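Student: The following block contains the structure, expressed as structure tokens.
The values are calculated or read from the model by the stated rules, or taken from the named source; none is laboratory data. This is a predicted model, so every value here is computed, not measured. As a convention, Cβ positions derive from the backbone with ideal geometry for all residues, glycine included, and neighbour counts pool all protein chains shown.
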Ligand SMILES: NC(=O)c1ccc[n+]([C@@H]2O[C@H](COP(=O)([O-])OP(=O)(O)OC[C@H]3O[C@@H](n4cnc5c(N)ncnc54)[C@H](O)[C@@H]3O)[C@@H](O)[C@H]2O)c1
């Protein structure tokens, strides 16, 4: 049985408790930690977690966890992750994993030294439908990618951005680009990994906050495909929409926070009616979607535990995390400079290497 501990017992921590419950018999939560000791004790009592801590080194020494689930605000992620890796614990850290390519290099170096692995929460890659689409793409079933649309059009109130860390450059690393749209961009860039250049604009249109509340981008892919990206916190009718047009089919996913099989449609050109691709479809069996589990923290945790037990890297680690962070760095750099930014152009001498949004991080 793998011993896991939870660091940070705020809003998202409940999803991690549920994820551990989905993996019963393979992992157990033996302790939790929060700087707010009283909150941590209440959380532990509510969820049957045996021990509460308020100091990381004390927890690591006493519990010797195999896995640490990090659920603290973004600015604390790199320091906590590196410390856990140093003692040989694997880490599953909430998004965004860190605020710069420099920090990611620091995390990767700690992982290489210790042999432990850090993975970032990107739960939307882990639905059965998303994985099926990925297989179809890799098998060449859909033909060449041509045009994409990746939109996270959500709504957040001023009260949301009045919370200490939300919407701040240093604490949250940005607005909806780094906090909301990062989920959909990660899914899009997992399915179409070959982004080559981004040209973006960002603005703060309807909130009092440091960071942007909207960003838009045009992406050129090495394949020649073109994608538009929107990340918004000002859209009253909320929706997440991913649309990828290939030569042989349109793939669409429309949902809000987590994708399930019925949210996806695959429409071949000869059969324009989307209903041809419901689970069990017999007209286009290669493109029929499986009746498979929804995206969840639990699905990602199960794959991570498989990786621990099989001695391999989990899906969302290393370059699989770097791709999205480098994309976000390029998006912010382009929006600040008014110039397109090529993949690979952000090197260690660049301000956007030291901070994803170009603002100095403490
Ligand atoms: N994957 C998702 O769908 C999803 C959804 C929401 C939030 N998140 C991410 O989860 C993380 C946490 O968000 P939240 O909404 O739960 O935040 P929150 O503010 O509700 O909770 C954070 C908790 O961490 C504690 N904390 C702060 N610094 C700490 C430290 N250094 N050590 C220990 N505890 C510390 C705070 O006291 C608080 O209890 C963020 O990175 C956020 O982006 C992910």
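Student: Can you go through 13, 45 and tell me which one is surrounded by fewer than 17 Cβ atoms within 10 Å (Cβ to Cβ), out of contact with any helix residue (DSSP H, G or I) (no Cβ under 6 Å at 6 or more places or on another chain) and more than 30 Å from residue 351 (Cβ to Cβ)? Step through it out loud before you land on a result.
Tutor: On the way: 13 fails: surrounded by fewer than 17 Cβ atoms within 10 Å (Cβ to Cβ).
None of the others qualify; the one that does is 45.
Student: Working carefully through the options 350, 319, find the one that is buried (at least 16 other Cβ atoms within 10 Å of the Cβ) and not assigned by TED's automatic domain parsing to the domain that holds residue 78. Give the derivation first.
Tutor: Numbers: 319 fails: buried (at least 16 other Cβ atoms within 10 Å of the Cβ).
Residue meeting the stated conditions: 350.
Student: Which is assigned to a loop (DSSP other than H, G, I, E, B), at pLDDT 95 or above, within 16 Å of the ligand (Cβ to nearest atom) and under 17 Å from residue 6 (Cα atoms), of 81, 72?
Tutor: Values: 81 fails: assigned to a loop (DSSP other than H, G, I, E, B).
Being assigned to a loop (DSSP other than H, G, I, E, B), at pLDDT 95 or above, within 16 Å of the ligand (Cβ to nearest atom) and under 17 Å from residue 6 (Cα atoms) holds for just one of 81, 72, which is 72.
Student: Which of the residues spanning segment 248-262 are over 15 Å from residue 134 (Cβ atoms), touching a strand residue (DSSP E or B) at 6+ places or on another chain (Cβ under 7 Å) and either within 16 Å of the ligand (Cβ to nearest atom) or at pLDDT below 95 (or both)?
Tutor: 255, 256, listed by residue number.
Student: Given the criterion closer than 17 Å to residue 298 by Cα and modelled with pLDDT of 95 or more, identify the matching residue among 56, 6, 35, 60. Let's see the steps before the verdict.
Tutor: Working: 56 fails: closer than 17 Å to residue 298 by Cα; 35 fails: closer than 17 Å to residue 298 by Cα; 60 fails: closer than 17 Å to residue 298 by Cα.
Result of the check over 56, 6, 35, 60: 6.
Student: Considering each of 326, 309, 303 in turn, give the residue that is surrounded by fewer than 23 Cβ atoms within 10 Å (Cβ to Cβ) and under 20 Å from the mean Cα position of the chain (by Cα). Let's see the steps before the verdict.
Tutor: Working: 326 fails: surrounded by fewer than 23 Cβ atoms within 10 Å (Cβ to Cβ); 309 fails: under 20 Å from the mean Cα position of the chain (by Cα).
Selected residue: 303, the only one of 326, 309, 303 that is surrounded by fewer than 23 Cβ atoms within 10 Å (Cβ to Cβ) and under 20 Å from the mean Cα position of the chain (by Cα).
Student: So, of the residues in segment 212-233 that are more than 21 Å from the chain's Cα centre (by Cα) and in a strand (DSSP E or B), which turns out to be surrounded by the fewest Cβ atoms within 10 Å (Cβ to Cβ)?
Tutor: Our first condition is that a residue be more than 21 Å from the chain's Cα centre (by Cα); within segment 212-233, this holds for 220, 222-226.
Applying the additional criterion that residues be in a strand (DSSP E or B) yields 220, 226.
Details: 220: 18, 226: 14.
Residue satisfying both the conditions and the ranking: 226.
Student: Next up: Looking at 146, 142, which one is under 30 Å from residue 245 (Cβ atoms), touching a residue at least 40 places away in the same chain (Cβ under 8 Å) and touching a helix residue (DSSP H, G or I) at 6+ places or on another chain (Cβ under 7 Å)?
Tutor: Working: 146 fails: touching a helix residue (DSSP H, G or I) at 6+ places or on another chain (Cβ under 7 Å).
Result of the check over 146, 142: 142.
Student: Here's another thing I want to ask about it. Would a scan of segment 181-191 turn up a residue that is touching a residue at least 24 places away in the same chain (Cβ under 8 Å), under 28 Å from residue 296 (Cα atoms) and surrounded by fewer than 16 Cβ atoms within 10 Å (Cβ to Cβ)?
Tutor: no
Student: Let me ask something else. Can you tell me which of 89, 116, 62 is more than 28 Å from residue 181 (Cα to Cα), within 16 Å of the ligand (Cβ to nearest atom), buried (at least 20 other Cβ atoms within 10 Å of the Cβ) and not assigned by TED's automatic domain parsing to the domain that holds residue 257?
Tutor: Numbers: 116 fails: within 16 Å of the ligand (Cβ to nearest atom); 62 fails: buried (at least 20 other Cβ atoms within 10 Å of the Cβ).
Among 89, 116, 62, only 89 is more than 28 Å from residue 181 (Cα to Cα), within 16 Å of the ligand (Cβ to nearest atom), buried (at least 20 other Cβ atoms within 10 Å of the Cβ) and not assigned by TED's automatic domain parsing to the domain that holds residue 257.
Student: Same structure, new question: If a residue has to be within 11 Å of the ligand (Cβ to nearest atom) and not in a strand (DSSP E or B) to count, how many in segment 92-113 make the cut? Quick ask: steps written out before the conclusion?
Tutor: Applying the first criterion (within 11 Å of the ligand (Cβ to nearest atom)) to segment 92-113 yields 92-99.
Filter again for not in a strand (DSSP E or B), leaving 94-99.
Counting residues in segment 92-113 that are within 11 Å of the ligand (Cβ to nearest atom) and not in a strand (DSSP E or B) gives 6.
Student: Is it the case that segment 19-31 has a residue that's within 12 Å of the ligand (Cβ to nearest atom) and within 30 Å of residue 361 (Cα to Cα)?
Tutor: Looking only at segment 19-31, we keep the residues that are within 12 Å of the ligand (Cβ to nearest atom), and these are 19.
Retained after the next criterion (residues that are within 30 Å of residue 361 (Cα to Cα)): none.
No, there is no match, as no residue in segment 19-31 is within 12 Å of the ligand (Cβ to nearest atom) and within 30 Å of residue 361 (Cα to Cα).
Student: Related question: Scan segment 284-306 for residues that are modelled with pLDDT of 95 or more and in contact with a strand residue (DSSP E or B) (Cβ under 8 Å, 6 or more places away or on another chain) and report the count.
Tutor: 4
Student: Okay, moving on. Let me spell it out: the conditions are (1) within 26 Å of residue 362 (Cα to Cα); (2) near the ligand (Cβ under 9 Å from one of its atoms), and residue 6 meets all of them except one. Which number is the exception?
Tutor: With (1) within 26 Å of residue 362 (Cα to Cα); (2) near the ligand (Cβ under 9 Å from one of its atoms) applied to residue 6, the lone miss is (2).
Student: For segment 139-187, give me every one of the helices (runs of 4 or more DSSP H) that falls completely inside it and has 2 or more residues that are more than 12 Å from the ligand (Cβ to nearest atom) and under 29 Å from residue 78 (Cβ atoms). Full working, then the answer.
Tutor: Working: elements: 158-162, 169-172, 176-179.
Helices (runs of 4 or more DSSP H) meeting the threshold: 158-162, 169-172.
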